[in-house]
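The values are calculated or read from the model by the stated rules, or taken from the named source; none is laboratory data. If you're wondering where the values come from, they're calculated on a predicted model, not measured in any experiment. Cβ atoms come from the backbone with ideal geometry, glycine included; neighbour counts cover every protein chain shown.
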Amino acid sequence: MKTYLFPGTFDPFTRGHRDIARRASGLCDRLIIAVMENSAKKPVFTPDEREQMVRLSISEYDNIEVIKSSGLLVDIYKDMGCCAVVRGIRSESDFRYEAEMTLANRLLYPSYETVLIPCRDDMSLISSSIVKEVGHYGGDISKMVPAEIVEMVKNKLTERKL
């Protein structure tokens, strides 16, 4: 059984994330979306909220699972029996970053593999950071996040302004 791992902080989960998950799930038997902690980031949403957003957004896919993790990516990769990590790329700078991360993870685990999936043109400018910025000022985020979580994201971002 071919298992891929799609890690990220998903703060919040975007339509771009969902599209990468959908496309990756068609390339493997099982896709695990890992909602990760990242010491370099200060997420707006709690790990539980981020996990819930992902679950709500991908509920229609039978071969996608969601987990939370705060460990090393290579440890999750090994523990879950994965054969590749999936990463979405929007730009040349994303490619460079992901290539560097792949090489660093291979130092820790030589069998580590990465599948890079270019994002769709219509989603190339969507990022979690942009969603948070637009939502913070009350802008329309409905084309940036899955419909299932629009209200949840809006409410949290509105709550932060108070």
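A few notes on this one:
- Among the residues here, residue 104 does not qualify as crowded, with 16+ Cβ neighbours inside 10 Å and small (Gly, Ala, Ser).
- Close pairs (7 angstrom Cβ cut-off, 6 or more residues apart or separate chains): farther than 15 Å from residue 7 by Cα in segment 48-69, of a type in the set (Gly, Ala, Ser) anywhere: 61/25; 63/25
- Qualifying positions in segment 15-41 - under 13 Å from the mean Cα position of the chain (by Cα), surrounded by 18 or more Cβ atoms within 10 Å (Cβ to Cβ) and either among the β-branched types (Val, Ile, Thr) or assigned to a loop (DSSP other than H, G, I, E, B) (or both): 20, 32, 33, 35
- Take the conditions (1) of a type outside the set (Val, Ile, Thr); (2) surrounded by 14 or more Cβ atoms within 10 Å (Cβ to Cβ); (3) more than 30 Å from residue 3 (Cβ to Cβ); residue 87 misses just one of them, which is (3).
- Neighbours by Cβ (under 6 Å, 6+ apart or cross-chain): first from segment 22-37, charged (D, E, K, R); second surrounded by fewer than 20 Cβ atoms within 10 Å (Cβ to Cβ): 23/117; 29/1; 29/2; 30/3; 30/63; 37/70
- Filter result for residue 58 (over 13 Å from the mean Cα position of the chain (by Cα), at pLDDT 95 or above and surrounded by 14 or more Cβ atoms within 10 Å (Cβ to Cβ)): no
- Restricting attention to segment 136-162 and to residues that are touching a His at 6+ places or on another chain (Cβ under 9 Å) and more than 30 Å from residue 80 (Cβ to Cβ), the residue that is surrounded by the fewest Cβ atoms within 10 Å (Cβ to Cβ) turns out to be 161.
- The one condition from (1) at pLDDT below 95; (2) under 20 Å from the mean Cα position of the chain (by Cα) that residue 155 does not meet is (2).
- If only residues of segment 125-135 that are without any contact (Cβ under 8 Å) to a residue 60 or more places away in the chain and surrounded by 14 or more Cβ atoms within 10 Å (Cβ to Cβ) are counted, the one that is nearest to residue 159 (Cα to Cα) is 135.
- Which numbered condition residue 143 misses (of (1) among the charged types (D, E, K, R); (2) over 18 Å from the mean Cα position of the chain (by Cα); (3) assigned to a loop (DSSP other than H, G, I, E, B)): (2)
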